[in-house]
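**Q** Before anything else, here's the structure in question.
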Amino acid sequence: MASLDRRRTLLILLGVVGMGCATTRGTLDVVVPLPADPSDGIAVQIAHVVDARSFQARPPDPSIPSLKNAGEIHDEAITSRAIARKRNSYGMAMGDILLPEGRTVAALARDALVRGFRNAGYRVVSSGDPAFAEALPVEARIDQFWAWVTPGFWAMAIEFETRMHVTFPAGSFTRGEEIRGYVRLKSAAVSTGKWRTTVDKGLEDFSTSLTEALEQAGTPSAGIESQRKSGASEIEARFRSWKGLTSRADAECFDACR
């Protein structure tokens, strides 16, 4: 029993040390690797990405965005960069984690959208491209984009979830589809690298879900007024948007907890 207590104490200490200044604000630089544009894909433009997340001062669940300084939850200069909240081994909320200055959640979400569309065979163009004026518009609303820690006896779990409402003139996307990315990774200690790995994998899961939904939505229409329904039914589309929970979001393990 004594050895078990010593081991648990060691794990707790490792968790606190691994978070590095857990009581203070930290920064985490996350980059979404982008594949090259298909040479002959249908041109689309990411027209609008809105960060619609709601922050709370004392949320009842760690998956709800929050900041250590409650007075900043309405400060868009801070919330636009906030991606996670640290917690100690007992689940007590500690410092928060932001993207570096000059980076925003909306911009990171945009890159995840670009990756999903390109992997589905679309060519994502910017304002300087000759095809920009005729490119089909993509709009997205970020409802969730957050990472958090869930304590455990032998290991803590780092989780990340993002949900975006994506509108695009193809199939069920014409009415808007909720695309979800989620991952849960376990570790004896939490470190900067493991925060980054968790967010990276969660965004990868989102892009994969988006690609699959786009492939099943069918060929987009030439214009919004002439859109036609194609692909699966709305019920099937919503099922696809959530299936990552069972197909790709099963708990994984860092080496530290094996």
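Per-residue answers, yes or no, for (1) in contact with a His (Cβ under 8 Å, 6 or more places away or on another chain); (2) in contact (Cβ under 8 Å) with a residue 60 or more places away in the chain; (3) exposed (fewer than 12 other Cβ atoms within 10 Å of the Cβ); (4) not in a loop (DSSP other than H, G, I, E, B):
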{"site": "Asp37", "(1), (2), (3), (4)": "no, yes, no, no"}
{"site": "Val44", "(1), (2), (3), (4)": "no, yes, no, yes"}
{"site": "Val49", "(1), (2), (3), (4)": "no, yes, no, yes"}
{"site": "Pro60", "(1), (2), (3), (4)": "no, no, yes, no"}
{"site": "Ile64", "(1), (2), (3), (4)": "no, yes, no, no"}
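**Q** How many of the residues in segment 72-97 are part of a loop (DSSP other than H, G, I, E, B) and within 17 Å of Pro60 (Cβ to Cβ)?
**A** The qualifying residues number 4.
**Q** Inside segment 170-184, can you point out the residues that are under 30 Å from Thr198 (Cα atoms), of a type in the set (Gly, Ala, Ser) and not in a loop (DSSP other than H, G, I, E, B)?
**A** Of everything in segment 170-184, those that are under 30 Å from Thr198 (Cα atoms), of a type in the set (Gly, Ala, Ser) and not in a loop (DSSP other than H, G, I, E, B) turn out to be Ser172, Gly181.
**Q** Let me spell it out: the conditions are (1) crowded, with 19+ Cβ neighbours inside 10 Å; (2) in contact (Cβ under 8 Å) with a residue 40 or more places away in the chain; (3) among the basic types (Lys, Arg), and Arg81 meets all of them except one. Which number is the exception?
**A** Here Arg81 clears every test but (2).
**Q** Please work out which residue is surrounded by the fewest Cβ atoms within 10 Å (Cβ to Cβ), limiting yourself to segment 141-168 and to residues that are under 14 Å from Leu210 (Cα atoms) and either among the polar types (S, T, N, Q) or at pLDDT below 95 (or both).
**A** Thr167
**Q** Which number in (1) part of a helix (DSSP H, G or I); (2) over 21 Å from the mean Cα position of the chain (by Cα); (3) of a type outside the set (Phe, Trp, Tyr) marks the one condition that Ala109 misses?
**A** With (1) part of a helix (DSSP H, G or I); (2) over 21 Å from the mean Cα position of the chain (by Cα); (3) of a type outside the set (Phe, Trp, Tyr) applied to Ala109, the lone miss is (2).
**Q** Can you confirm whether segment 181-190 contains a residue that is modelled with pLDDT of 95 or more, of a type in the set (S, T, N, Q), in contact with a Lys or Arg (Cβ under 9 Å, 6 or more places away or on another chain) and over 19 Å from Leu99 (Cβ atoms)?
**A** no
**Q** Residue under question is Arg184, and the condition is that it be touching a residue at least 60 places away in the same chain (Cβ under 8 Å), surrounded by fewer than 21 Cβ atoms within 10 Å (Cβ to Cβ), charged (D, E, K, R) and in contact with an Asp or Glu (Cβ under 6 Å, 6 or more places away or on another chain); does it hold?
**A** Yes: the conditions hold for Arg184.
**Q** What's the total number of residues in segment 74-122 that are in contact with a strand residue (DSSP E or B) (Cβ under 8 Å, 6 or more places away or on another chain) and among the aromatic types (Phe, Trp, Tyr)?
**A** 2
**Q** Oh, and also: For residues that are surrounded by fewer than 19 Cβ atoms within 10 Å (Cβ to Cβ) and either in contact with a helix residue (DSSP H, G or I) (Cβ under 9 Å, 6 or more places away or on another chain) or within 19 Å of Thr192 (Cβ to Cβ) (or both), tally how many sit in segment 126-140.
**A** Within segment 126-140, residues that are surrounded by fewer than 19 Cβ atoms within 10 Å (Cβ to Cβ) and either in contact with a helix residue (DSSP H, G or I) (Cβ under 9 Å, 6 or more places away or on another chain) or within 19 Å of Thr192 (Cβ to Cβ) (or both) number 1.
The values are calculated or read from the model by the stated rules, or taken from the named source; none is laboratory data. Just so you know, these numbers come straight off a predicted model, no measurement behind them. Note that each Cβ is placed from the backbone with ideal geometry, even for glycine, and that neighbours are counted across all protein chains shown.
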